[in-house]
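In what follows, a structure is listed as C-alpha coordinates, so that the remarks can point back to it.
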Amino acid sequence: MTELNKIALKIISQGKGILAADESNGTMTKRLEAINVKSTPENRLSFREILFSSEGIRNYIGGVILYDETINQISSTGKSIPDLISNSGAVPGIKVDTGAKKLANSPDEKITEGLDGLRDRLKKYYDLGARFTKWRGVYSISEKYPTKLAINSNAHALARYSALVQESGMVPIVEPEVLMDGNHSAEVCLNKTSEVIKACFDELILHKVDLSGIILKPNMILPGSLSENKISSEEVSIKTLECLKNSVPNEVPGIAFLSGGQSEIEATENLNSINKNNNTNFIMTYSYGRALQQSALKVWSKDIKNIESTQTTFNHRAKMCTLAAQGKWSNELENK
Ligand code: 13P
(Lines give C-alpha, C1' and ligand atoms only; values in the text may rest on other atoms or scores of the structure.)
Protein backbone atom coordinates (compact mmCIF):
# COMPACT_ATOMS: atom_id res chain seq x y z
CA MET A 1 0.00 0.00 0.00
CA THR A 2 1.45 3.38 -0.95
CA GLU A 3 1.50 6.34 1.43
CA LEU A 4 -1.07 8.17 -0.76
CA ASN A 5 -3.43 5.19 -0.73
CA LYS A 6 -3.12 5.08 3.08
CA ILE A 7 -4.07 8.75 3.38
CA ALA A 8 -7.03 8.30 1.02
CA LEU A 9 -8.30 5.33 3.02
CA LYS A 10 -7.84 7.13 6.34
CA ILE A 11 -10.13 9.90 5.06
CA ILE A 12 -12.97 7.73 3.74
CA SER A 13 -12.95 4.41 5.64
CA GLN A 14 -15.48 3.13 8.18
CA GLY A 15 -18.29 5.36 7.07
CA LYS A 16 -16.27 8.52 7.59
CA GLY A 17 -16.74 11.34 5.12
CA ILE A 18 -15.41 14.77 4.26
CA LEU A 19 -16.58 18.17 5.48
CA ALA A 20 -16.19 20.60 2.58
CA ALA A 21 -15.66 23.85 4.50
CA ASP A 22 -13.70 25.45 1.65
CA GLU A 23 -16.18 28.10 0.58
CA SER A 24 -14.30 31.03 -0.90
CA ASN A 25 -14.69 34.35 0.93
CA GLY A 26 -17.19 35.40 -1.76
CA THR A 27 -19.37 32.31 -1.27
CA MET A 28 -19.09 32.42 2.52
CA THR A 29 -20.12 36.08 2.45
CA LYS A 30 -23.29 35.14 0.57
CA ARG A 31 -24.02 32.37 3.09
CA LEU A 32 -23.48 34.67 6.08
CA GLU A 33 -25.37 37.64 4.63
CA ALA A 34 -28.34 35.32 3.98
CA ILE A 35 -28.55 34.76 7.75
CA ASN A 36 -27.78 38.40 8.67
CA VAL A 37 -24.30 37.75 10.05
CA LYS A 38 -21.52 40.12 9.00
CA SER A 39 -18.87 38.36 6.90
CA THR A 40 -15.62 39.18 8.71
CA PRO A 41 -12.55 36.92 8.98
CA GLU A 42 -13.42 36.52 12.70
CA ASN A 43 -17.02 35.44 12.06
CA ARG A 44 -15.99 33.09 9.25
CA LEU A 45 -13.49 31.47 11.61
CA SER A 46 -15.89 31.45 14.52
CA PHE A 47 -18.52 29.30 12.75
CA ARG A 48 -15.90 26.98 11.29
CA GLU A 49 -14.07 26.54 14.59
CA ILE A 50 -17.34 25.48 16.24
CA LEU A 51 -17.64 22.70 13.66
CA PHE A 52 -13.95 21.73 13.77
CA SER A 53 -13.98 21.31 17.57
CA SER A 54 -17.23 19.28 17.65
CA GLU A 55 -17.80 15.63 18.55
CA GLY A 56 -19.08 15.21 15.00
CA ILE A 57 -15.60 15.82 13.58
CA ARG A 58 -14.06 13.33 15.98
CA ASN A 59 -16.62 10.59 15.36
CA TYR A 60 -17.70 10.92 11.75
CA ILE A 61 -15.38 13.11 9.68
CA GLY A 62 -12.21 11.74 8.07
CA GLY A 63 -11.12 14.92 6.29
CA VAL A 64 -11.88 18.65 6.24
CA ILE A 65 -11.34 20.78 3.14
CA LEU A 66 -10.21 24.30 4.04
CA TYR A 67 -9.95 27.56 2.14
CA ASP A 68 -6.68 29.53 2.02
CA GLU A 69 -7.87 32.06 4.60
CA THR A 70 -8.84 29.34 7.11
CA ILE A 71 -5.72 27.19 6.85
CA ASN A 72 -3.71 30.26 7.89
CA GLN A 73 -5.95 31.17 10.86
CA ILE A 74 -5.32 30.45 14.55
CA SER A 75 -8.10 29.00 16.69
CA SER A 76 -9.33 30.61 19.91
CA THR A 77 -7.26 28.09 21.91
CA GLY A 78 -4.09 29.20 20.14
CA LYS A 79 -3.76 26.10 17.95
CA SER A 80 -3.44 26.37 14.19
CA ILE A 81 -6.57 25.22 12.32
CA PRO A 82 -4.80 22.23 10.69
CA ASP A 83 -3.60 21.14 14.18
CA LEU A 84 -7.12 21.48 15.60
CA ILE A 85 -8.40 19.20 12.83
CA SER A 86 -5.64 16.60 13.01
CA ASN A 87 -5.89 16.44 16.81
CA SER A 88 -9.50 15.26 16.32
CA GLY A 89 -8.25 12.45 14.09
CA ALA A 90 -9.32 14.01 10.77
CA VAL A 91 -6.98 14.91 7.91
CA PRO A 92 -6.68 18.61 6.96
CA GLY A 93 -7.15 19.35 3.25
CA ILE A 94 -7.07 22.47 1.11
CA LYS A 95 -8.84 23.77 -1.98
CA VAL A 96 -6.10 24.76 -4.41
CA ASP A 97 -7.90 25.86 -7.56
CA THR A 98 -8.39 29.59 -7.96
CA GLY A 99 -11.91 29.40 -9.34
CA ALA A 100 -13.81 28.80 -12.58
CA LYS A 101 -13.52 31.46 -15.28
CA LYS A 102 -15.11 31.95 -18.74
CA LEU A 103 -13.73 29.42 -21.20
CA ALA A 104 -12.30 31.19 -24.27
CA ASN A 105 -14.26 30.29 -27.44
CA SER A 106 -17.11 28.88 -25.38
CA PRO A 107 -17.72 31.74 -22.93
CA ASP A 108 -20.94 30.31 -21.48
CA GLU A 109 -18.84 27.46 -20.10
CA LYS A 110 -16.15 27.46 -17.41
CA ILE A 111 -12.53 26.45 -17.12
CA THR A 112 -11.00 26.14 -13.66
CA GLU A 113 -7.77 28.06 -13.14
CA GLY A 114 -4.88 27.78 -10.69
CA LEU A 115 -2.09 25.75 -12.32
CA ASP A 116 0.45 28.59 -12.53
CA GLY A 117 2.65 28.56 -9.44
CA LEU A 118 0.76 25.56 -8.05
CA ARG A 119 3.89 23.54 -7.19
CA ASP A 120 5.10 26.29 -4.84
CA ARG A 121 1.68 26.79 -3.25
CA LEU A 122 1.42 23.04 -2.62
CA LYS A 123 4.71 23.05 -0.75
CA LYS A 124 3.42 25.84 1.48
CA TYR A 125 0.16 23.97 2.20
CA TYR A 126 2.03 20.74 2.95
CA ASP A 127 4.18 22.63 5.46
CA LEU A 128 1.02 24.00 7.09
CA GLY A 129 -0.21 20.40 7.60
CA ALA A 130 -2.45 19.68 4.59
CA ARG A 131 -2.35 16.09 3.30
CA PHE A 132 -5.03 16.27 0.64
CA THR A 133 -6.33 18.86 -1.80
CA LYS A 134 -9.34 19.72 -3.91
CA TRP A 135 -9.83 21.06 -7.43
CA ARG A 136 -13.30 21.49 -8.90
CA GLY A 137 -14.12 21.47 -12.59
CA VAL A 138 -17.66 22.63 -13.35
CA TYR A 139 -19.89 21.72 -16.30
CA SER A 140 -23.44 22.70 -17.16
CA ILE A 141 -25.95 20.65 -19.10
CA SER A 142 -28.07 21.94 -21.98
CA GLU A 143 -28.58 20.84 -25.57
CA LYS A 144 -25.15 22.17 -26.59
CA TYR A 145 -23.29 21.74 -23.32
CA PRO A 146 -20.95 20.54 -22.05
CA THR A 147 -18.86 20.87 -25.23
CA LYS A 148 -15.90 18.64 -26.00
CA LEU A 149 -13.77 21.75 -25.47
CA ALA A 150 -14.99 22.18 -21.87
CA ILE A 151 -14.79 18.46 -21.15
CA ASN A 152 -11.25 18.07 -22.48
CA SER A 153 -9.78 21.29 -21.12
CA ASN A 154 -11.10 20.71 -17.60
CA ALA A 155 -9.96 17.06 -17.69
CA HIS A 156 -6.49 18.25 -18.70
CA ALA A 157 -6.35 20.76 -15.83
CA LEU A 158 -7.59 18.17 -13.30
CA ALA A 159 -4.89 15.76 -14.44
CA ARG A 160 -2.05 18.31 -14.30
CA TYR A 161 -3.26 19.37 -10.86
CA SER A 162 -3.42 15.75 -9.64
CA ALA A 163 0.08 14.92 -10.86
CA LEU A 164 1.53 17.97 -9.07
CA VAL A 165 -0.39 17.19 -5.86
CA GLN A 166 0.86 13.61 -5.74
CA GLU A 167 4.40 14.83 -6.43
CA SER A 168 4.07 16.99 -3.30
CA GLY A 169 2.99 13.99 -1.16
CA MET A 170 -0.74 14.78 -0.96
CA VAL A 171 -3.91 13.09 -2.18
CA PRO A 172 -5.83 14.97 -4.88
CA ILE A 173 -9.62 15.06 -4.76
CA VAL A 174 -10.68 15.07 -8.39
CA GLU A 175 -13.99 16.91 -8.60
CA PRO A 176 -15.75 17.12 -11.95
CA GLU A 177 -19.13 18.62 -11.01
CA VAL A 178 -21.90 18.37 -13.57
CA LEU A 179 -24.39 20.93 -12.27
CA MET A 180 -28.03 20.17 -11.42
CA ASP A 181 -29.28 23.42 -13.04
CA GLY A 182 -31.70 22.91 -15.92
CA ASN A 183 -34.68 20.78 -16.91
CA HIS A 184 -32.80 17.78 -18.31
CA SER A 185 -33.69 14.21 -17.38
CA ALA A 186 -31.68 11.90 -15.14
CA GLU A 187 -30.85 9.89 -18.28
CA VAL A 188 -29.17 12.94 -19.84
CA CYS A 189 -27.30 13.56 -16.58
CA LEU A 190 -26.12 9.94 -16.68
CA ASN A 191 -24.81 10.24 -20.25
CA LYS A 192 -23.10 13.61 -19.78
CA THR A 193 -21.60 12.73 -16.40
CA SER A 194 -20.24 9.46 -17.77
CA GLU A 195 -18.62 11.31 -20.67
CA VAL A 196 -17.07 13.87 -18.30
CA ILE A 197 -15.70 11.27 -15.86
CA LYS A 198 -14.29 9.06 -18.61
CA ALA A 199 -12.45 12.04 -20.12
CA CYS A 200 -10.98 12.82 -16.68
CA PHE A 201 -9.62 9.30 -16.28
CA ASP A 202 -8.17 9.31 -19.82
CA GLU A 203 -6.18 12.40 -18.87
CA LEU A 204 -5.26 11.17 -15.37
CA ILE A 205 -3.83 8.00 -16.93
CA LEU A 206 -1.98 9.99 -19.62
CA HIS A 207 -0.42 12.11 -16.84
CA LYS A 208 0.62 8.93 -14.96
CA VAL A 209 -1.41 9.78 -11.87
CA ASP A 210 -1.46 6.95 -9.30
CA LEU A 211 -5.17 6.13 -9.28
CA SER A 212 -4.91 4.33 -5.92
CA GLY A 213 -3.93 7.69 -4.39
CA ILE A 214 -6.87 9.87 -5.46
CA ILE A 215 -10.46 10.34 -4.31
CA LEU A 216 -13.12 11.03 -6.96
CA LYS A 217 -15.73 13.62 -5.99
CA PRO A 218 -18.57 13.45 -8.51
CA ASN A 219 -22.20 14.54 -8.58
CA MET A 220 -24.92 11.94 -8.13
CA ILE A 221 -27.07 11.15 -11.16
CA LEU A 222 -30.18 13.29 -10.76
CA PRO A 223 -32.73 15.00 -13.01
CA GLY A 224 -32.13 18.74 -13.46
CA SER A 225 -33.47 20.91 -10.65
CA LEU A 226 -36.16 22.31 -13.02
CA SER A 227 -37.17 18.92 -14.41
CA GLU A 228 -40.70 17.76 -13.74
CA ASN A 229 -39.66 14.13 -13.85
CA LYS A 230 -38.44 13.53 -10.32
CA ILE A 231 -37.06 10.06 -9.61
CA SER A 232 -36.89 7.97 -6.45
CA SER A 233 -33.84 7.56 -4.31
CA GLU A 234 -33.65 3.94 -5.46
CA GLU A 235 -33.49 5.11 -9.10
CA VAL A 236 -30.87 7.74 -8.26
CA SER A 237 -28.72 5.03 -6.73
CA ILE A 238 -29.09 2.62 -9.66
CA LYS A 239 -28.20 5.28 -12.22
CA THR A 240 -25.32 6.63 -10.11
CA LEU A 241 -23.85 3.16 -9.65
CA GLU A 242 -24.24 2.40 -13.37
CA CYS A 243 -22.37 5.59 -14.24
CA LEU A 244 -19.49 4.99 -11.84
CA LYS A 245 -19.13 1.28 -12.58
CA ASN A 246 -18.71 2.07 -16.26
CA SER A 247 -16.44 5.08 -16.01
CA VAL A 248 -14.15 4.72 -12.96
CA PRO A 249 -11.11 2.39 -13.02
CA ASN A 250 -10.96 -0.25 -10.27
CA GLU A 251 -7.76 1.06 -8.68
CA VAL A 252 -9.58 4.15 -7.34
CA PRO A 253 -10.16 3.51 -3.60
CA GLY A 254 -13.21 5.64 -3.11
CA ILE A 255 -15.80 8.08 -4.20
CA ALA A 256 -16.99 10.98 -2.05
CA PHE A 257 -20.07 12.68 -3.50
CA LEU A 258 -20.76 16.41 -3.47
CA SER A 259 -24.27 17.45 -2.44
CA GLY A 260 -24.64 20.03 -5.22
CA GLY A 261 -27.83 21.75 -4.08
CA GLN A 262 -29.73 18.72 -2.76
CA SER A 263 -31.36 19.24 0.62
CA GLU A 264 -29.69 17.68 3.64
CA ILE A 265 -32.24 14.85 3.71
CA GLU A 266 -32.11 14.16 -0.04
CA ALA A 267 -28.31 13.99 0.01
CA THR A 268 -28.45 11.59 2.97
CA GLU A 269 -31.21 9.38 1.63
CA ASN A 270 -29.62 9.11 -1.82
CA LEU A 271 -26.21 8.22 -0.35
CA ASN A 272 -27.89 5.59 1.81
CA SER A 273 -29.54 3.97 -1.24
CA ILE A 274 -26.25 4.05 -3.13
CA ASN A 275 -24.59 2.14 -0.29
CA LYS A 276 -27.44 -0.33 0.08
CA ASN A 277 -27.14 -1.17 -3.62
CA ASN A 278 -23.37 -0.77 -3.91
CA ASN A 279 -22.22 -3.58 -6.21
CA THR A 280 -18.76 -2.09 -6.82
CA ASN A 281 -15.49 -2.29 -4.90
CA PHE A 282 -15.45 1.45 -4.32
CA ILE A 283 -16.05 3.01 -0.92
CA MET A 284 -18.97 5.42 -1.42
CA THR A 285 -19.12 8.29 1.03
CA TYR A 286 -19.81 12.01 1.24
CA SER A 287 -17.88 15.22 0.78
CA TYR A 288 -20.65 17.65 1.53
CA GLY A 289 -20.59 21.40 1.96
CA ARG A 290 -24.17 22.64 2.13
CA ALA A 291 -25.72 19.27 3.09
CA LEU A 292 -23.57 19.15 6.24
CA GLN A 293 -23.65 22.80 7.27
CA GLN A 294 -27.02 24.27 6.32
CA SER A 295 -28.96 23.49 9.52
CA ALA A 296 -25.99 24.21 11.77
CA LEU A 297 -25.52 27.60 10.11
CA LYS A 298 -29.18 28.43 10.68
CA VAL A 299 -29.01 27.53 14.37
CA TRP A 300 -25.77 29.48 14.80
CA SER A 301 -27.28 32.59 13.14
CA LYS A 302 -29.88 32.82 15.92
CA ASP A 303 -27.13 33.27 18.50
CA ILE A 304 -23.54 33.18 17.35
CA LYS A 305 -22.41 32.55 20.93
CA ASN A 306 -24.47 29.36 21.18
CA ILE A 307 -21.75 26.82 20.49
CA GLU A 308 -23.58 23.87 22.00
CA SER A 309 -26.76 23.97 19.88
CA THR A 310 -24.75 24.58 16.73
CA GLN A 311 -22.55 21.57 17.49
CA THR A 312 -25.52 19.36 18.40
CA THR A 313 -27.11 20.15 15.04
CA PHE A 314 -23.88 19.49 13.14
CA ASN A 315 -23.18 16.28 15.09
CA HIS A 316 -26.58 14.88 14.13
CA ARG A 317 -26.09 15.72 10.46
CA ALA A 318 -22.60 14.17 10.35
CA LYS A 319 -23.88 11.06 12.13
CA MET A 320 -26.75 10.66 9.63
CA CYS A 321 -24.35 11.03 6.70
CA THR A 322 -21.99 8.45 8.20
CA LEU A 323 -24.90 6.03 8.67
CA ALA A 324 -25.82 6.64 5.02
CA ALA A 325 -22.23 5.94 3.98
CA GLN A 326 -22.76 2.46 5.44
CA GLY A 327 -26.32 1.97 4.13
CA LYS A 328 -27.62 2.10 7.71
CA TRP A 329 -29.60 5.35 7.67
CA SER A 330 -33.40 5.43 8.11
CA ASN A 331 -36.13 8.01 8.57
CA GLU A 332 -36.66 6.79 12.14
CA LEU A 333 -33.01 7.42 13.03
CA GLU A 334 -33.21 10.81 11.30
CA ASN A 335 -36.13 11.91 13.46
CA LYS A 336 -35.16 10.27 16.74
P1 13P B 1 -21.76 21.04 -1.83
O2 13P B 1 -21.84 19.72 -1.11
O3 13P B 1 -22.42 22.17 -1.13
O4 13P B 1 -22.13 20.89 -3.29
O5 13P B 1 -20.23 21.45 -1.81
C6 13P B 1 -19.30 20.49 -2.09
C7 13P B 1 -18.14 21.11 -2.72
O8 13P B 1 -17.04 21.02 -2.22
C9 13P B 1 -18.33 21.81 -4.00
O10 13P B 1 -17.10 22.09 -4.57
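The values are calculated or read from the model by the stated rules, or taken from the named source; none is laboratory data. Computed from a predicted structure; not experimentally measured. Positions of Cβ are backbone-derived with ideal geometry, glycine not excepted, and every protein chain shown enters the neighbour counts.
Structure summary
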quantity	calculated
Counted residues, the range 70-81 - those being crowded, with 16+ Cβ neighbours inside 10 Å and either among the hydroxyl-bearing types (Ser, Thr, Tyr) or under 20 Å from residue 136 (Cα atoms) (or both)	4
Single match in 238, 221 (criterion: buried (at least 22 other Cβ atoms within 10 Å of the Cβ) and either within 20 Å of the chain's Cα centre (by Cα) or outside any loop (DSSP other than H, G, I, E, B) (or both))	221
Set 208, 198: member being surrounded by fewer than 18 Cβ atoms within 10 Å (Cβ to Cβ), part of a helix (DSSP H, G or I), touching a residue at least 40 places away in the same chain (Cβ under 8 Å) and basic (Lys, Arg)	198
Single condition residue 163 does not satisfy, out of (1) assigned to a helix (DSSP H, G or I); (2) over 30 Å from residue 10 (Cα atoms)	(2)
Single match in 53, 88 (criterion: modelled with pLDDT of 95 or more, touching a helix residue (DSSP H, G or I) at 6+ places or on another chain (Cβ under 6 Å) and of a type in the set (Gly, Ala, Ser))	88
Failed item in (1) surrounded by 15 or more Cβ atoms within 10 Å (Cβ to Cβ); (2) touching a helix residue (DSSP H, G or I) at 6+ places or on another chain (Cβ under 9 Å), with residue 9 passing the rest	(2)
Near pairs, Cβ below 8 angstrom, 6+ apart or cross-chain, from the range 21-50 (under 18 Å from residue 288 (Cα atoms) and away from the ligand (no atom under 16 Å from the Cβ)) to any residue that is outside any helix (DSSP H, G or I) and among the aliphatic types (A, V, I, L, M)	none
Some residue of the range 225-241 being closer than 30 Å to residue 156 by Cβ and basic (Lys, Arg)	yes
Residue that is of a type in the set (A, V, I, L, M) and either within 16 Å of the ligand (Cβ to nearest atom) or closer than 22 Å to residue 5 by Cα (or both), where the choices are 164, 190	164
Every residue from the range 265-314 that is among the aromatic types (Phe, Trp, Tyr) and more than 18 Å from the chain's Cα centre (by Cα)	300
Condition broken by residue 177, with the remaining ones in (1) within 18 Å of the chain's Cα centre (by Cα); (2) buried (at least 24 other Cβ atoms within 10 Å of the Cβ) satisfied	(2)
Residue list for the range 271-294, filter: out of contact with any Phe, Trp or Tyr (no Cβ under 8 Å at 6 or more places or on another chain) and of a type outside the set (Val, Ile, Thr)	273, 275, 276, 277, 278, 279, 281, 282, 289, 290, 291, 294
Residue match in the range 99-108 (condition: under 30 Å from residue 53 (Cα atoms) and either within 15 Å of the ligand (Cβ to nearest atom) or within 19 Å of the chain's Cα centre (by Cα) (or both))	yes
